[in-house]
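What follows is a single structure, written as structure tokens, with notes after it.
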Amino acid sequence: MTENLDHYISKHIRRVYRRRLASPILYLVLLIVLWLLLPLQDILLPENLDNLDNLFAYSNAQSSYVNVKLHNLYFTGYTNKSWGQTNGYYYYTLQGKNCVIVLLSPRTCEEGLPQIESVQVRARVLKGDATFNALLEQLSQDLDWTKEGISQKISGYFISEPAFRLISSMFLIGIYFITGTYALFRLLLYILYICLPVFSPACRKLRLFGKPSALLAQAEEELATLPQLATEDMFITEHYFIVLANYGVAIIPIQEIIWIYKYSTLHKLLWHHFSISYTLHITANKHLYLQCPKNMKSDIDGIIDYLSEANHEILVGFNEENRLKVKQKTRRLAKCE
């Protein structure tokens, strides 16, 4: 018994948090894979587009996100609509002997300014699609040119500000970094708890009743030498009630417990009742509450009987009288604090 339970609480805390390492690690790996597969870096830090002569070089999915400063833009008179809403205005700008089509968002161009001297936007370089080809046909008719002739003067690629989807892109990137930061934070916390179990939440709660390291050492020594009562995951020593379950750890000084009771849950599938589980509820001083779910009735009854014998001031059973007594006692203690 002594050998098996030596530092058993610390060992169990390490086991619990080693198992919990899997979820943040897997999530961080997923984020790394998404970073490699999706153009997140290009959206966050788009490449500066200084030369409009070779838009083809920026047209693939990974590098199509650009930051570009445009000069001398002229409104074509045509707009781009989606679901009945105008989401862009077509402009053209001359770059040497070439002409480049630019689709600006309504806010940038103030819903169709005739001319814009200079504007800097985040946009995407896209290959001409059916809508773009229809625009060229309209422009060729306006200029009394052939479609082939205008295609020689206008680049087959265009710059689209609405395609950058700044708000939705920044929202998704925000979620990416916020959740990634949270996962990394949890990972580092779990590693800390594995290395130093005294910093785990269960041990930090002991600060309510004294020095956590000293109380943890006392609880481990009592558990290793002579546990008074033991079930599958609950233990009672001379001074402590200890829970070492898969879902977590709890250490409560017996003299601080003020109320205990059990609550039964009937489990059923459709109309068939197949089992009953019991949850032990414990209320202690300093507003400390504990639930130990899915236990056998005999185990919980044994725990309740032993705790009530170890501390005669503990209220046993759930009823209105005990609830009011606990409420009054916690109020008195809160005023004294």
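Taking the C-alpha atoms only, the angle from helix 8-20 to the longest principal axis of the chain is near 20 degrees.
Please determine, in degrees from 0 to 90 and to the nearest 10, the orientation of helix 297-310 with respect to the longest principal axis defined by the Cα atoms of the chain, where the helix direction is its Cα long axis. It works out to around 60 degrees.
Mean sequence separation of contacting Cα pairs (under 8 Å, at least six apart), scaled by the length of the chain, corresponds to a relative contact order of 15 percent. If one computes the Cα centroid of segment 7-51 and of segment 191-267, what distance in Å separates the two points? Distance between centres, Cα-based: 32 Å.
The residues of the chain expose on average 60 square angstrom of accessible surface per residue, using a 1.4 Å probe on protein heavy atoms. When the Kirkwood radius is taken over all Cα pairs of segment 212-337, what Stokes-Einstein diffusion coefficient follows at 20 °C and 1.002 mPa s, in µm²/s? Roughly 137 µm²/s, to the nearest whole number. Ligands, DNA and RNA left out, the accessible area of the chain computed with a 1.4 Å probe is 56% carbon and sulfur. A simple spin-label model places the labels of residue 325 and residue 246 3.7 nm from each other, with each point 7 Å out along Cα-to-Cβ. Comparing 151, 105, 308 in a Gaussian network model of the chain (Cα springs below 10 Å), the most mobile by mean-square fluctuation is 151. The C-alpha atoms of the chain define a longest principal axis, and helix 320-336 lies at about 80 degrees to it. Using the Cβ-Cβ distance between residue 311 and residue 44 with R0 set to 51 Å, the FRET efficiency works out to roughly 0.30. In this rough spin-label picture, where each label sits 7 Å from Cα along the Cβ direction, the residue 111-residue 207 distance is 5.7 nm.
Checking [x] 28.8; [y] 19.6; [z] 39.4 against the coordinates, the calculated mean projected area of the Cα convex hull in nm² falls under label [x].
The values are calculated or read from the model by the stated rules, or taken from the named source; none is laboratory data. All of these numbers come straight from a predicted model, not from anything done at the bench. Cβ: placed from backbone, ideal geometry, glycine included. Neighbour counts: every protein chain shown. For accessibility, only protein heavy atoms count, side chains too; no ligands or nucleic acids. Shrake-Rupley method; radii C 1.70, N 1.55, O 1.52, S 1.80 Å.
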